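Engineer: Have a look at the structure that comes next, please.
What follows is calculated from the coordinates using simple rules that are stated; it is not laboratory data. Everything numeric here is computed off the predicted structure, so don't read it as measured data. Backbone-built Cβ (ideal geometry, glycine too); neighbour counts: all protein chains shown.
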Amino acid sequence: MSATRERRRPPASGVLPRADLDRALGAAVRRLLALQKPGGWWVGELESNVTMTAQHLLLLEFLRLRDEETTRRLANELLARQRPDGLWAIYWSGEPDLAATLESYAALRLAGLSADDERLAPARRFCEEHGGIGGARVFTRIWLALFGLWPWEEIPQIPPELALLKSWLPLSVYDFACWARQTVVPLTVVLHYRPVRNLPPERACHELNLGPVSRKATVGLLSDRALAWYAAQRVQPGREHALARAERWIIDRQELDGSWGGIQPPWVWSLIALACRGHGLDSPYLGRGLAGWERFMVEEGDRLRPEACQSPVWDTGLALVALRAAGVSADDQILRRAGDWLVAEEIRERGDWAVRRPGLESGGWAFEYDNDLYPDIDDAAIVAMGLDDLGLGRAVVERACRWMAGMQCGNGGWGAFDADNDSEWLYRIPFCDFGAVTDPPSADVTGHVVELLAREGGYEKEVRDGIEYLLREQEDDGAWFGRWGVNYVYGIGAVLPALEAAGFPPDHPAIRRAVAWLGAHQNEDGGFGEDCRSYDRSEAGVAWRGRGESTPSQTAWALLGLVAAGEAGSDSAGRAVAWLCGRQRPDGGWDEDFFTGTGFPRDFLINYHLYREVWPVMALGRVRRALTS
């Protein structure tokens, strides 16, 4: 804990003078306004974990682009992220993770550290205790198979013929979530070619190949054996046609900035797949992809790391909603510039989502700078609210609302990118052990959409069905699962404003149960926090529900829920406001080391560096507005 945070303790009482709230909010607003980029948007670093850094080093080696200076800086980053016990986690202050530790170990061996280096000794023991490479997830084993460190024959199979299947057939790529399908298609190409770039013996971690690890037999394992048999045959009818189709599928989905979906997994595997298909550095697709990937590098002193994704549209939409809640005028030129940028970022292309909704007009926004094929529903809802608060882009807001209404799932909820993408049987395929592979509806996305559509009017049926979904999804203890933020605190912070917008009175039983949950999980210091381990469905994970050290973003989410429930003047809200005011830095911002964002629950967690700035502004602004209305 820093000396600054130690000095600025919040008062024990929930009573906070209005002048203190005004001062804190004013300082936070000034800081957030100052963080706007010259082009009109806001964006903070999207910090993920060391597997991104390790895989970047392995990618450079595979493409024969690795140089010693870059290698040294990436190695510095990996060593700086090492836990005190010599292992690696996938989020700050997290428990040891096998994939992160094994991939970091392999990358550092590639960087020149010897197998006897004392800095690697704990990691080596940990990996050996967990089965070595054979005990790791499919992604890790594929990365190491690229360098002859693991046999390709031991990798679960998935064939390129997938790209030939019609969307209505079982195991079509459209059964997968958009992020998964964009990764799976290039991997089918890689799994066909099984390329190997042998490393010099002194840089190869052969010591971690302890042989295969037996896994629980499933129906999927039987099909995997059949696919492995077919992959080993010298004659494979139609295979070249399937590979060519998969290659074209990949090329057709490359974005203008060179990315695939603006996210790391499909991006790097598409580059590797194209290399397998004979694309060299002079290929316009490979060249554009590599150039775009360079823009994702974050330099910190003598360290280098890649972002897994970038979030300017999301950050900008949240900033607009927050600043308007804080009372910044809709005529403010900083806000108008942001609004104009967002209007220009509207997506009019028809992407993969149209496979399930062929007659629906496109609209909405994506998460990233140049993702024109994969708008997402959560971004569309937040951006539309921000533009609506400014009175800008009426036509684009209406298009976005129609698009979101058309993307509602059959059960009344909304997923992030696709409609009715909930084929749970995919998780029985041995290949699919790397995180979320489907995109079912979630309470947090549904809450944001319902909040918007209820405000807009004219979508009574969609709002009613969405509300029914949310009421069904409320947990027995009163909370809602947070798919895209950690975790139940985020779910409540998204759902209660939706219920308020839909006209639910504060005394509705669902709202009272949620308020009671927040009261029972507020920390003694007045703030709210929730550890990433709350995503674990085991008994150990249940103990972390709503539990963790207080953070600015999670405290703000709880406040958003309390305000929506009519509790802005409560002792609980007052203590949360006092915590935020007491922990504010002199420059108006907050510190937040904990990861409170979610990519895949339990498997990929995120520290959005702007969350610590934007959510408290939104929450404090709504508190002040509620207290003065």
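Engineer: Taking the dipole about the Cα centre of the chain, with the C-beta of Lys and Arg at +1 and of Asp and Glu at -1, give me whichever of M404, P151, L208 is farthest to the positive side.
Structural biologist: P151
Engineer: Ok, one more. Show that you can apply the helix-only estimate: for the chain, add -39,500 (n - 2.57) for every DSSP H stretch of four or more residues, divide by all residues, and state [θ] at 222 nm to the nearest 500.
Structural biologist: Dividing the helical sum by the residues of the chain leaves -15000 deg cm²/dmol.
Engineer: Considering the dipole of the chain built from charges on the beta carbon (Lys and Arg +1, Asp and Glu -1) around the Cα centre, which of G466, L199, V184 is farthest to its positive end?
Structural biologist: L199
Engineer: For helix 312-325, what angle does its Cα long axis make with the longest principal axis of the chain, in degrees from 0 to 90 and rounded to 10?
Structural biologist: 10
Engineer: With θ set to phi - 60°, apply the Karplus curve 6.51 cos²θ - 1.76 cosθ + 1.60 along the stretch 449-457 and write out the HN-Hα couplings as whole Hz, x wherever there is a Gly or Pro.
Structural biologist: So the Karplus estimates, Gly and Pro as x, are 5, 4, 4, 5, 5, 5, 5, 6, x Hz.
Engineer: Quick query: amide H of L304 versus all other amide H atoms, modeled in the peptide plane; which residues come in under 5 Å with a sequence gap of 5 or more or a different chain?
Structural biologist: It is L74, E77, by chain and number.
Engineer: Could you pull out every residue, at least 5 positions away or on a different chain, whose amide H is within less than 5 Å of the one on T598? Hs are placed 1.01 Å off N in the peptide plane, and Pro or chain starts have none.
Structural biologist: G485, V486, I606
Engineer: Now a separate question. Based on Cβ point charges of +1 for Lys and Arg and -1 for Asp and Glu, what charge dipole magnitude is obtained for the chain about its Cα centre, in debye rounded to the nearest 20? Can you show the working numbers first?
Structural biologist: Details: 69 positive and 89 negative charges, 54 e Å.
Approximately 260 debye in magnitude.
Engineer: Let me ask something additional. Read phi for every residue in the stretch 384-394 and hand back ³J(HN,Hα) as whole Hz from Karplus 6.51 cos²θ - 1.76 cosθ + 1.60, θ = phi - 60°, with x for Gly and Pro.
Structural biologist: With coefficients 6.51, -1.76 and 1.60, one gets 4, 5, x, 5, 4, 5, 8, x, 10, x, 4 Hz.
Engineer: Counting Lys and Arg as +1 and Asp and Glu as -1, each charge on the Cβ, what is the dipole of the stretch 38-78 about the Cα centre in debye, to the nearest 20? Mind dumping the intermediate values first?
Structural biologist: Working: 4 positive and 7 negative charges, 22 e Å.
Result for the stretch 38-78 is approximately 100 debye, rounded to the nearest 20.
Engineer: Charges at C-beta only: +1 for Lys and Arg, -1 for Asp and Glu. How large is the resulting dipole of the stretch 49-306 about its Cα centre, in Debye rounded to 20?
Structural biologist: On the way: 30 positive and 31 negative charges, 157 e Å.
Roughly 760 debye, rounded to the nearest 20.
Engineer: If you don't mind, there's one more thing I want to ask. If you fit an axis through the alpha-carbon atoms of helix 552-564 and take the longest principal axis of the Cα set of the chain, what angle between them do you get, 0 to 90°, nearest 10?
Structural biologist: With rounding to tens, the tilt is 50 degrees.
Engineer: Additional query: Taking 0.36 nm per residue of sequence separation and subtracting the Cα-Cα distance, how much length would be gained by fully extending the chain between R394 and R288, in nm to one decimal?
Structural biologist: Here the segment from R394 to R288 would lengthen by 34.7 nm.
Engineer: Work out the charge dipole of the chain with +1 on the Cβ of Lys and Arg and -1 on the Cβ of Asp and Glu about the Cα centre, then indicate which of W517, V489, L605 is farthest towards its positive end.
Structural biologist: Farthest along the dipole direction, towards plus: L605.
Engineer: With volume of the Cα convex hull per residue in Å³ as the read-out, I listed (1) 196; (2) 207; (3) 152; which label goes with the value calculated from this structure?
Structural biologist: Label (3) holds the value from this structure.
Engineer: Okay, moving on. Any chance you could run the full-extension gain for E549 through R125? It's 0.36 nm times the residue separation minus the Cα-Cα distance, nm to one decimal. Don't skip to the end; give the middle numbers.
Structural biologist: On the way: separation 424, 0.36 × 424 = 152.64 nm, distance 3.05 nm.
Length gained between E549 and R125: 149.6 nm.
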